[in-house]
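**Student:** Before I ask anything, here is the structure I am working with.
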Amino acid sequence: MSLILAPGTAWNDVLARVTAAAPEAFSAGRLRNLCAGRWQDSGAPADVRTPVDGSVIAQVSRVDAVNAADAVQAAARSHHRWAVTPLAERRARVAAAVEALAVHRDLLALILAWEIGKPWRLACADVDRALDGVRWYAEQIERQVAGREPLPGPVSNIASWNYPMSVLVHAELVQLLAGNAVIAKTPSQGGAVCLTLAHALMVRAGLPVTLLSGSGEELSEVLVTAPEIGAVAFVGGRSNGGKVAGALLDSDKRHFIEQEGLNAWGIWEFSQWDLLAGHLRKGFEYGKQRCTAYPRFVVQRDLVDAFLDVYLPVVKSVRFGHPLAVERAGDPLPELDFGPLISAARAAGLRRKVDEAIKGGAVPLYRGAAERGRFLDGQDIGAYVGPTALLAPPGRSRLMHSEPFGPVDTIIVVDTEHELLAAMNASNGALVASLAVDDEELAAKLAQDVQAYKVGINKPRSRGDREETFGGRGASWKGAFVGGDLLVQAVTVGAPGERLYGNFPDYTSFPPTP
């Protein structure tokens, strides 16, 4: 049966709702920049293209380094006023922003479905996690800032495109609660419209927020090294994260830099296959385009057949396609595991990595053709990649040591516990990992040598919410750890000589129970 776009979800309808909700943030369909509390037209126009069908959906205004420097100085001035604002007033304004965002919850989620291709359920979850998380911090903030002061300058936020609300907006609102003005750069590949609406609602609530669009290469130096900046929060890949960390080497500027790692499941002396099956299906959410996805399975040789009996039916049943395509008017939006990758270029690059690995000797266990997804007739599907599983990628393969950031799994077969740990630690540090082991005492022993911040025993680990901390080991993280009380500590100043939990050039310190 041919599919249709769900009535009321066409991009022109969505954009009309957005511009009606925040007319001040748009100029003739072009997104404006937010600086010094005002929406401004400065910057050169650049197209915003959706990965859903490849069409142009808006234009941003890309500012240059001079504009960015002016914005940083304005943010610094607002920071000094905000830092002395009583906590009760800060909390009231943040609460007002959260409730305004909640009113537009469905619209924000619909924007995410178009801008970054999130299926409806996952788009809603991104918005809900942001709002629920900030509500928790608003209840805890008095205790968390006791004896602490805001940073000397605003927090500069540079985040990837995959979680605009639950990572970027959530972090900004907590930073604001703690007494800091905030600056955010819109991700180059997606999320600009969602962030524009969110920040319009935030500034209406009286919050000192700045939102800029522009080239990361051009703006990075200003948004990272400007003397007015009090802290740098970065979420993204190791290449760009390494550049940010390098720029801060000779600086004592507060920072927390979350970088990718190859998160792995290790499977050893295990028999609870029904339990694992449920985790495997959930693992394909959003096409594994998240920092806590598990794209690597390290399996004891004697268990490979049992593992594949469970794994292959799951990977073959994964559902993907256009997040807003339905069979008939009135149908609910489709229940999909994922939509497109963030761009056709990213999809093409991932397909090349798969081809290279197979040519180098990897065994293709399953390759789901993109055409098997749910699409509109004639739709551009260049950004879609079907679920793929490769056995034993060669050591020189890019998929052997780095995160694919897409729906591609690699499976490594091992014979000893030493080989298990070596394969799980292939990327020099990760954010999360898990061990599937019947004997939990043995699992706990193995977990001590897994180079990940969080290690799950017979369950996956994630970034976490509310009081749960988050960080990384090895090259996956630089600077202060975050999450729970640690996020507030990372953006405030405590007693002289305080040593934060984190991964720093001269020391690494982990909280007691990560």
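**Student:** Heavy atoms only, probe 1.4 angstrom, no DNA, RNA or ligands counted: give me 120, 39 ranked by accessible area, highest first. Walk me through the numbers before you get to the answer.
**Tutor:** Values: 120 65, 39 30 Å².
Largest accessible area first, the residues go 120, 39.
**Student:** Straight-line reach from residue 253: which aspartates and glutamates have a Cα under 17 Å away, not including same-chain ones fewer than 8 places off?
**Tutor:** Of all the aspartates and glutamates, those that pass the test against residue 253 - Cα under 17 Å, at least 8 places apart if same chain - are 149, 221, 228, 498, 506.
**Student:** Right, something else. Looking at 373, 385, 397, which one has the Cα that reaches farthest to the positive end of the dipole of the range 346-416 (charges on Cβ: Lys, Arg +1; Asp, Glu -1)?
**Tutor:** Selected residue: 397.
**Student:** Can you give me the distance in nm between label points at residue 449 and residue 309, each placed 7 Å from the Cα along the Cα-to-Cβ direction?
**Tutor:** The two pseudo-label positions are separated by 2.9 nm.
**Student:** In addition: Report the relative contact order of the chain, percent, no decimals, based on alpha-carbon pairs under 8 angstrom and at least 6 residues apart. Mind dumping the intermediate values first?
**Tutor:** Numbers: 1136 pairs, mean separation 88.4, N = 514.
Reported as a whole number, the value is 17 percent.
**Student:** Kindly write out, for the range 191-201 in residue order, the coupling ³J(HN,Hα) from the Karplus curve 6.51 cos²θ - 1.76 cosθ + 1.60 (θ = phi - 60°), rounded to whole Hz, with x marking Gly and Pro.
**Tutor:** x, 5, 5, 4, 5, 5, 4, 4, 6, 4, 5
**Student:** Now a separate question. Short version: ³J(HN,Hα) in whole Hz for each residue of the range 45-51, in order, from phi by Karplus 6.51 cos²θ - 1.76 cosθ + 1.60 (θ = phi - 60°), x for Gly and Pro, what are they?
**Tutor:** Working through the residues one at a time gives x, 8, 5, 10, 10, 7, x Hz.
**Student:** Over the range 226-288, give the accessible area per residue in Å² for a 1.4 Å probe, as an integer.
**Tutor:** Numbers: 2450 Å² over 63 residues.
Heavy-atom accessible area per residue stands at 39 Å².
**Student:** So, one more: How large is the accessible surface per residue of the range 42-103, computed with a 1.4 Å probe and reported in Å² as a whole number? The partial results should precede the final answer.
**Tutor:** Details: 2790 Å² over 62 residues.
Solvent-accessible surface per residue comes out at 45 Å².
**Student:** Express the relative contact order of the range 177-232 as a whole percentage, based on alpha carbon pairs under 8 Å and six or more residues apart in sequence. Can you show the working numbers first?
**Tutor:** Working: 38 pairs, mean separation 22.0, N = 56.
Reported as a whole number, the value is 39 percent.
**Student:** Contour minus end-to-end for residue 319 and residue 96, with contour as 0.36 nm per residue of separation and end-to-end as the Cα-Cα distance? Could you put the intermediate results ahead of the total?
**Tutor:** On the way: separation 223, 0.36 × 223 = 80.28 nm, distance 3.79 nm.
Residue separation times 0.36 nm, minus the Cα-Cα distance, leaves 76.5 nm.
**Student:** What nm distance separates the two modelled labels at residue 85 and residue 277, each placed 7 Å from Cα along Cα→Cβ?
**Tutor:** Between residue 85 and residue 277, the simple spin-label model gives 5.3 nm.
**Student:** If you don't mind, another one. Which percent of the accessible area of the chain is formed by carbon and sulfur heavy atoms (probe 1.4 angstrom)?
**Tutor:** Working: 9940 of 19620 Å².
Carbon and sulfur atoms account for 51 percent of the accessible area of the chain.
**Student:** From largest accessible area down, sort 273, 161; use a 1.4 Å probe on the protein chains. Don't skip to the answer; put the middle values down first.
**Tutor:** Working: 273 40, 161 15 Å².
The ordering from most to least exposed comes out as 273, 161.
**Student:** Just to check I understand the Karplus step: with θ = phi - 60° and J = 6.51 cos²θ - 1.76 cosθ + 1.60, what whole-Hz values come out for the range 285-295, glycine and proline as x?
**Tutor:** 4, 6, x, 6, 8, 8, 5, 9, 6, 10, x
**Student:** Let me test this: with uniform point scatterers at the alpha carbons of the range 322-421, what is the Debye-based log₁₀ I(q)/I(0) at q = 0.13 1/Å?
**Tutor:** For the range 322-421, the Cα-only Debye profile gives -0.55.
**Student:** Rounded to the nearest 500, what is the 222 nm mean residue ellipticity of the chain from helices alone, with -39500 (n - 2.57) per DSSP H run of 4+ residues and division by all residues? Please report the intermediate quantities before stating the final value.
**Tutor:** Numbers: 16 runs with 189 residues, N = 514.
That comes out to -11500 deg cm²/dmol.
**Student:** Only Cα pairs under 8 Å and at least 6 apart count here; give the relative contact order of the range 403-485 as a rounded whole percent. All intermediate terms of the calculation are to be shown ahead of the outcome.
**Tutor:** Values: 115 pairs, mean separation 22.7, N = 83.
Taking the mean separation of contacting Cα pairs over the length of the range 403-485, I get 27 percent.
**Student:** If you place +1 on the Cβ of every Lys and Arg, -1 on the Cβ of every Asp and Glu, and leave all else neutral, what size is the dipole of the range 10-107 about its Cα centre, to the nearest 20 Debye? Kindly include the intermediate steps, with their values, before the conclusion.
**Tutor:** On the way: 12 positive and 10 negative charges, 78 e Å.
Using Cβ point charges on Lys, Arg, Asp and Glu, the range 10-107 gives about 380 debye.
**Student:** Taking the Cα centre of the range 123-182 as origin and charging only Cβ (+1 Lys, Arg; -1 Asp, Glu), how large is the dipole, in debye to the nearest 20? Before the final figure, lay out the partial values.
**Tutor:** Details: 4 positive and 7 negative charges, 22 e Å.
About 100 debye.
**Student:** May I ask which residue of 82, 116, 103 lies farthest towards the positive end of the charge dipole of the range 60-135, with charges of +1 (Lys, Arg) and -1 (Asp, Glu) on Cβ and the Cα centre as origin?
**Tutor:** Towards the positive end, the residue furthest out is 82.
**Student:** Follow-up question, since we're still on this one. May I ask you to give the solvent-accessible area per residue for the range 361-514, in square angstrom, as obtained with a 1.4 angstrom probe?
**Tutor:** On the way: 6480 Å² over 154 residues.
Per residue, the range 361-514 has 42 Å² of solvent-accessible surface.
**Student:** Kirkwood Rh, Cα Rg: Rg to Rh for the range 93-189?
**Tutor:** A ratio of 1.00.
**Student:** Let me ask you something else. So, with +1 on the Cβ of K and R and -1 on the Cβ of D and E, and no other charges, what is the size of the charge dipole of the chain about its Cα centre, to the nearest 20 debye? All intermediate terms of the calculation are to be shown ahead of the outcome.
**Tutor:** Numbers: 52 positive and 57 negative charges, 178 e Å.
The calculated dipole for the chain is roughly 860 debye.
**Student:** Ignoring ligands and nucleic acids, what accessible area does residue 371 show with a 1.4 Å probe (Å², nearest 10)?
**Tutor:** Rounded to the nearest 10, that gives 130 Å².
**Student:** Let me ask something else about it. Ignoring ligands and nucleic acids, what accessible area does residue 438 show with a 1.4 Å probe (Å², nearest 10)?
**Tutor:** Accessible area, nearest 10 Å²: 60 Å².
**Student:** Related question: Which order do the peptides 339-351, 459-471 come out in when sorted by mean C-beta neighbours inside 10 angstrom, highest first? Walk me through the intermediate numbers first.
**Tutor:** Numbers: 339-351: 20.9, 459-471: 17.8.
In descending order of packing, they fall as 339-351, 459-471.
**Student:** Going down the table (288/353; 243/359; 243/478; 288/316; 282/454), which pairs top 21 Å between alpha carbons? The partial results should precede the final answer.
**Tutor:** Working: 288/353 16 Å; 243/359 32 Å; 243/478 12 Å; 288/316 15 Å; 282/454 18 Å.
Among 288/353; 243/359; 243/478; 288/316; 282/454, the Cα-Cα distance tops 21 Å for 243/359.
**Student:** Same structure again: Hey, if you put +1 on the Cβ of every Lys and Arg and -1 on every Asp and Glu Cβ in the chain, which of 233, 424, 191 ends up farthest toward the positive end of that dipole?
**Tutor:** Checked the options; the winner is 191.
**Student:** Here's another thing I want to ask about it. Leaving ligands and nucleic acids out of the surface, order 352, 129 by accessible area at 1.4 Å, largest first. The partial results should precede the final answer.
**Tutor:** Working: 352 135, 129 85 Å².
Heavy-atom accessible area, descending, gives 352, 129.
The values are calculated or read from the model by the stated rules, or taken from the named source; none is laboratory data. Just so we're clear, the structure is a prediction, and the values are computed from it rather than from any experiment. Cβ atoms come from the backbone with ideal geometry, glycine included; neighbour counts cover every protein chain shown. Areas reflect the complete protein model, heavy atoms only, side chains present, ligands, DNA and RNA absent. Shrake-Rupley method; radii C 1.70, N 1.55, O 1.52, S 1.80 Å.
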